[in-house]
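The values are calculated or read from the model by the stated rules, or taken from the named source; none is laboratory data. Fair warning: this is a prediction, and the values are worked out from it, not measured in the lab. Methodologically, a virtual Cβ is constructed for each residue, glycine included, from the backbone with ideal geometry; neighbour enumeration extends over all protein chains shown.
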Ligand code: DAH
């Protein structure tokens, strides 16, 4: 890019000629004279065209490559290449020794100017690049503290589980314990020991899934009455509730499901009477649905209780005045109950001449539906999050 021989071209060549012989010397100095006059004619700074072009070429080239330098390394390389000792400018400064004082002054001034100009350009380019690199670095190292936290979805208790826990709490506070039993049960416990022999018409109401002739999926939690009494071996008092899944060969509809949840209750002791049953269930109803609740007992039939009753609550929707939900009666049925049948007590090892007891069985789904105003039992099993999410804060 740079021709280091430029000094020779303009001056040194003539100087050498001047040294070689006298006539040449004269010619050469004349030529020098003419050239200088010629070249300096229009310029105030006294710079010859050749120098001017040369310096201009250096300046232009340097400015162009400076504009291309895009990082601090390129910028440093540029500085060494353009302003360093071995650069064209450096070489020129060095070669100035061979010039006349006047040329040296003129060229020296020009070199200083261009050097200053280039240094200035270098500084502003450096500031530019530094700012750009800093901005890049800041961008790269940026931590976005405004990112929203990662949402961990919290599960919620299923309405049936809620109801079971609530009911357990109420009965535990009345002195009951909570026990559980097998979902795969025998015909013997599910029916026979509950006074439902093979030919009993009550079996029709509880058709189920048979695994074999003897094993089946339990149709109710009542077999746990027998199992509990057997386990207690004649000891009293017995006060248990038994939550658990039960199965029936039902067509599913808005109020029936082939699998649902019952909570069984059993109390056995000496001197247990129907009024104990009523008082217990009334306390339960008040605890669950509010102090103004009352219960109503209607005669009914279950093979394993005598007498048997159906228990109603004051309608939770209309408060007793009669609405669609209670079919205008002001009452809604919530469970079946009765005094434990003497034959069941005897078969389970409790002398019915000495002990009496009461039992009840309720559907947890029915309670949940009343409690939360759910119109279709199937919603409780479909795992639709839009439905379940409503119980998060319930
Ligand atoms: N096991 C009965 C059923 O599933 C409900 C029931 C009625 C349970 C009366 C009882 C009871 O303990 O005394 O339909």
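Only residues that are more than 12 Å from the ligand (Cβ to nearest atom) and in contact (Cβ under 8 Å) with a residue 12 or more places away in the chain: list them for the stretch 204-231, please.
207, 209, 211, 213, 214, 215, 216, 217, 227, 229, 230 - these are the residues of the stretch 204-231 that are more than 12 Å from the ligand (Cβ to nearest atom) and in contact (Cβ under 8 Å) with a residue 12 or more places away in the chain.
Every residue, every condition in (1) assigned by TED's automatic domain parsing to the domain that holds residue 134; (2) at pLDDT below 90; (3) closer than 28 Å to residue 119 by Cα, yes or no:
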site	(1), (2), (3)
15	yes, yes, no
34	yes, yes, no
38	yes, yes, no
46	yes, yes, yes
66	yes, no, yes
78	yes, no, yes
85	yes, yes, yes
91	yes, yes, yes
97	yes, yes, yes
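Before we move on, is residue 391 more than 13 Å from the ligand (Cβ to nearest atom), farther than 27 Å from residue 275 by Cα, in contact with a helix residue (DSSP H, G or I) (Cβ under 7 Å, 6 or more places away or on another chain) and without any contact (Cβ under 8 Å) to a residue 24 or more places away in the chain?
No; evaluated as a whole, the condition is false for this residue.
Can you go through 373, 319, 328 and tell me which one is at pLDDT 95 or above, surrounded by fewer than 18 Cβ atoms within 10 Å (Cβ to Cβ) and either more than 14 Å from the ligand (Cβ to nearest atom) or over 25 Å from residue 232 (Cβ atoms) (or both)?
That would be 328, the only listed residue that is at pLDDT 95 or above, surrounded by fewer than 18 Cβ atoms within 10 Å (Cβ to Cβ) and either more than 14 Å from the ligand (Cβ to nearest atom) or over 25 Å from residue 232 (Cβ atoms) (or both).
If only one of 127, 156 is surrounded by 10 or more Cβ atoms within 10 Å (Cβ to Cβ) and in contact with a helix residue (DSSP H, G or I) (Cβ under 9 Å, 6 or more places away or on another chain), which one is it?
156 is the lone residue from the list that is surrounded by 10 or more Cβ atoms within 10 Å (Cβ to Cβ) and in contact with a helix residue (DSSP H, G or I) (Cβ under 9 Å, 6 or more places away or on another chain).
Going residue by residue through the stretch 238-249, is there one that turns out to be surrounded by fewer than 15 Cβ atoms within 10 Å (Cβ to Cβ) and either without any contact (Cβ under 8 Å) to a residue 12 or more places away in the chain or away from the ligand (no atom under 16 Å from the Cβ) (or both)?
Checked against the condition, which is being surrounded by fewer than 15 Cβ atoms within 10 Å (Cβ to Cβ) and either without any contact (Cβ under 8 Å) to a residue 12 or more places away in the chain or away from the ligand (no atom under 16 Å from the Cβ) (or both), the stretch 238-249 yields no hits at all.
Can you tell me which residues in the stretch 270-283 are more than 13 Å from the ligand (Cβ to nearest atom) and in contact with a helix residue (DSSP H, G or I) (Cβ under 9 Å, 6 or more places away or on another chain)?
283
Checking the condition surrounded by fewer than 20 Cβ atoms within 10 Å (Cβ to Cβ), under 28 Å from residue 223 (Cβ atoms) and within 16 Å of the ligand (Cβ to nearest atom), which residue from 365, 333 passes?
333
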